[in-house]
1. Please state which one of A:101, A:97, A:87 is assigned to a strand (DSSP E or B) and either under 14 Å from residue A:227 (Cβ atoms) or under 16 Å from the mean Cα position of the chain (by Cα) (or both).
2. Which residue out of A:75, A:12 is within 16 Å of the chain's Cα centre (by Cα) and either closer than 23 Å to residue A:278 by Cα or modelled with pLDDT of 85 or more (or both)?
3. Among the residues of the range A:251-295, which ones are free of Cβ contacts under 8 Å to residues at least 24 places away in the same chain and away from chain B (no Cβ under 14 Å)?
4. Mind listing whichever residues of the range B:274-303 are over 18 Å from the mean Cα position of the chain (by Cα), without any contact (Cβ under 8 Å) to a residue 12 or more places away in the chain and within 17 Å of residue B:70 (Cα to Cα)?
5. For the range A:120-173, which positions are more than 22 Å from residue A:31 (Cβ to Cβ) and under 20 Å from the mean Cα position of the chain (by Cα)?
6. Find the residue count for the range A:25-41, including only residues that are out of contact with any helix residue (DSSP H, G or I) (no Cβ under 9 Å at 6 or more places or on another chain) and surrounded by 12 or more Cβ atoms within 10 Å (Cβ to Cβ).
């Protein structure tokens, strides 16, 4: 059945993935128009990067979000911010990204251009270019509109060592801002639920915030960074606690959650601790640097709502305990599957 | 008043906790019937704050948990049929039938399964897929049934033909009577389900007071609501009284929502229904009336329920009756986890086992 609103002449065809003239026209007419830089424009098989001192960080991620456009971003911004953030979470300065697209036959070219424009803008604002790419087209029904993979390379300065295993008992846990914005925005959009308020994804790059912390704190005081994407803060804390063989204790009342997010979660029966964040990070730092870290984070636009939410302790290794708003306590387990809304 | 903040306020909870400690003058066993109460108690860390001597037992008020394996098997049978699309609330998606497979598995093998947030969404699905029969899985207690009744009425009014409901709906008072008739079950009071009571009214528990001399308090779901209701229960028991009290007056009245009750009575009629772990309880379920039989999936697809045995070792039945706690089940946390559930008490977001597993 042909969609009445679709213009067949303005859609992706299988030819666009063939490697022939149609592919070349898509690359030069659309991708290079919005992602232009000298390395990419050379259109060679690989991007060659000049020698950079330090350790290399390398990360990859794929993006299949539905819907592809949502308040606060789209699949393109997620693809750029997400991989930049994965590099930044190891203390790396992101150098460049690759961009691989799998397009469904029939995808509206205007939608594709909108995504590519978003990617171009996100790259420019982040200062991290796309230097190599690939495009494939699959028959209608074999993909859902557009799937994106981005891989990224970053450089970690010699003495920087950020990982979950570096966390120590007594370390303070800071969350860089409000929780669950992205996850609830996607779930309400997917459900077709319109709510008053300003639910929007928090998709953002965090590498500049990380660079500020690495420059501003004494060497060795920043131990662990993690961006709590799928599975939420709950799952990330469980992973960190398990890797560090420590117990994490967090205060429910200290965790920043916007009122609209909290209300939407209540309506849908979802727990914000388990919903994705795409522009936030958990920062685990030596206790004597906690206030300085918080101050540095709050001086940035992405971290202005940063808050200390808890600490790591010796105790049952891998356990995460939440002290509730009424003074009780409960254990926070990792997410087991997709969050599902409840009956009643 | 925003309700979320005020009834969760620590400054309100602290004096309530103190008063609760003061009010519990002897060992007290209270059954909290509703699955949402189970989750709320755990989520707020209330169990860690309750005074010694007050024991909370989780009852059968989790609609997904009490859906029998034979009903799940029938659902899986429908899901496999060509031209059938299943619409359901999310909780039921992972509940296993007698083979250990669930709708999640069926979906991964090509069954058309849509999770919806409102039963009306399933009507929209029927309009969107005119060549398919969209079946909405009717699971839930009195809170949910009026919405399903309204959806069937909307289907009638709009002439949507390719829509039906598979009703495993249940009503709350009969299983309570069945439990209270069991001499092994010794409880002093009932924390009555708040949202069910918005429909059936606080008066629905009066027969339990008269027959069993049981203290009954209708409770809301925020920490202050639950603590207030527990104080009222403890005071009744200390004073040797038994009556129905309503601690959720902002949502529940004595009569309930009579319009909703009428809508349900128009579309559904009471029938005997099988409850997982409790057996068949007379007049505890709802079937679609003959006058609306076109919307009854069981009749439309000639579904025959085949008795299914409970999974070996699973103690869901005893847990639902409040006789055992999840850690007493040999499968709890080992063979039966949220990722690999054996019984529904583990998969449902309101399941007692899921609550124990998640919240400790």
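The values are calculated or read from the model by the stated rules, or taken from the named source; none is laboratory data. None of these values were measured; they are calculated from a predicted model. A quick note on method: Cβ atoms are made from the backbone with ideal geometry, for glycine too, and the neighbour counts reach across all protein chains shown.
1. Values: A:101 fails: either under 14 Å from residue A:227 (Cβ atoms) or under 16 Å from the mean Cα position of the chain (by Cα) (or both); A:87 fails: assigned to a strand (DSSP E or B).
Unique residue meeting the criteria: A:97.
2. On the way: A:12 fails: within 16 Å of the chain's Cα centre (by Cα).
Result of the check over A:75, A:12: A:75.
3. Scanning the range A:251-295 gives A:291, A:295.
4. Of the range B:274-303, the ones over 18 Å from the mean Cα position of the chain (by Cα) are B:288-303.
From the residues that got through so far, the ones that are without any contact (Cβ under 8 Å) to a residue 12 or more places away in the chain too are B:290-291, B:293, B:299, B:302.
Answer for the range B:274-303, where residues must be over 18 Å from the mean Cα position of the chain (by Cα), without any contact (Cβ under 8 Å) to a residue 12 or more places away in the chain and within 17 Å of residue B:70 (Cα to Cα): B:299, B:302.
5. A:154, A:155, A:156, A:162, A:163, A:164, A:173
6. Qualifying residue count for the region: 3.
Results for (1) within 11 Å of chain A (Cβ to nearest Cβ); (2) in contact with a helix residue (DSSP H, G or I) (Cβ under 8 Å, 6 or more places away or on another chain), shown as yes or no for each residue.
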| site | (1), (2) |
| --- | --- |
| B:79 | no, yes |
| B:92 | yes, yes |
| B:121 | yes, no |
| B:125 | no, no |
| B:133 | no, yes |
| B:139 | yes, yes |
| B:147 | yes, yes |
| B:150 | no, yes |
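Residue-by-condition table, conditions (1) touching a helix residue (DSSP H, G or I) at 6+ places or on another chain (Cβ under 8 Å); (2) under 28 Å from residue B:146 (Cα atoms):
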residue	(1), (2)
B:268	yes, yes
B:282	yes, yes
B:296	no, yes
B:315	yes, no
B:330	no, no
